[in-house]
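The structure appears right after this line, and notes come after that.
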């Protein structure tokens with residue numbers, strides 16, 4: 001039974017890693033790609049490592065991989081946030097498909113269309 005659970009978690013983790021790689025290839029701009037690089041990849045790694053821990057059944061390996069999971073949850077969001085903030089400050093263009101520039105909207109106190117889109121306040 002533990003082998004089935006471990007294999008299921010490994011397959012789910014690999015599937016999420018695949019979704020992340022497809023997202024990196026298909027999404028239009030840096031800001032969208034950041035989400036593809038962090039969210040499904042982080043969850044995929046956690047599922048994969050959890051499957052490994054269950055499959056091994058070893059407490060010391062579980063503790064070590066638990067530290068890796070915690071480090072992933074701490075570093076991936078912070079890194080993505082810093083990259084996104086730096087790219088936005090540097091003036092990286094948004095995709096034409098972006099409907100609202102949330103940073104400008106919050107600064108102006110309303111809904112403002114993203115640069116290059118037709119609608120807005």
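Here the Gaussian network model covers the chain, with springs between Cα atoms less than 10 Å apart; of 17, 89, 37, 89 fluctuates the most.
Once a ≥ b ≥ c are taken as the square roots of the eigenvalues of the Cα gyration tensor of region 2-90, is the result rounded (a/c under 1.5), prolate (a/b larger than b/c) or oblate (a/b not larger than b/c)? Display every interim value, and only then the final one.
Working: a/c = 5.96, a/b = 1.81, b/c = 3.30.
Oblate is the answer for region 2-90, as a/c is 1.5 or above yet b/c matches or exceeds a/b.
When the chain is treated as a GNM with alpha-carbon contacts under 10 Å, the residue of 87, 41, 76 showing the greatest mean-square fluctuation is 87.
Would you mind putting 79-85, 19-25, 44-50, 2-8 in packing order, based on average other-beta-carbon counts within 10 Å, highest first? Show your work: numbers first, answer last.
Numbers: 79-85: 13.7, 19-25: 15.3, 44-50: 20.3, 2-8: 12.1.
Highest-to-lowest ranking by the protection proxy: 44-50, 19-25, 79-85, 2-8.
Under a Gaussian network description of the chain, with springs only between Cα atoms under 10 Å, the residue in 77, 28, 96 that fluctuates furthest is 96.
Take the alpha carbon gyration tensor of region 1-46, find the square roots of its eigenvalues, order them as a ≥ b ≥ c, and report rounded if a/c is under 1.5; if not, report prolate when a/b exceeds b/c, else oblate. Provide the component values of the computation, followed by the final result.
Details: a/c = 6.44, a/b = 3.05, b/c = 2.11.
Cα axes put region 1-46 in the prolate bin.
No value in this document is a laboratory result; all are computed from the given coordinates. Just so you know, these numbers come straight off a predicted model, no measurement behind them. All Cβ positions, even for glycine, are placed from backbone atoms using ideal geometry, and neighbour counts span all protein chains on display.
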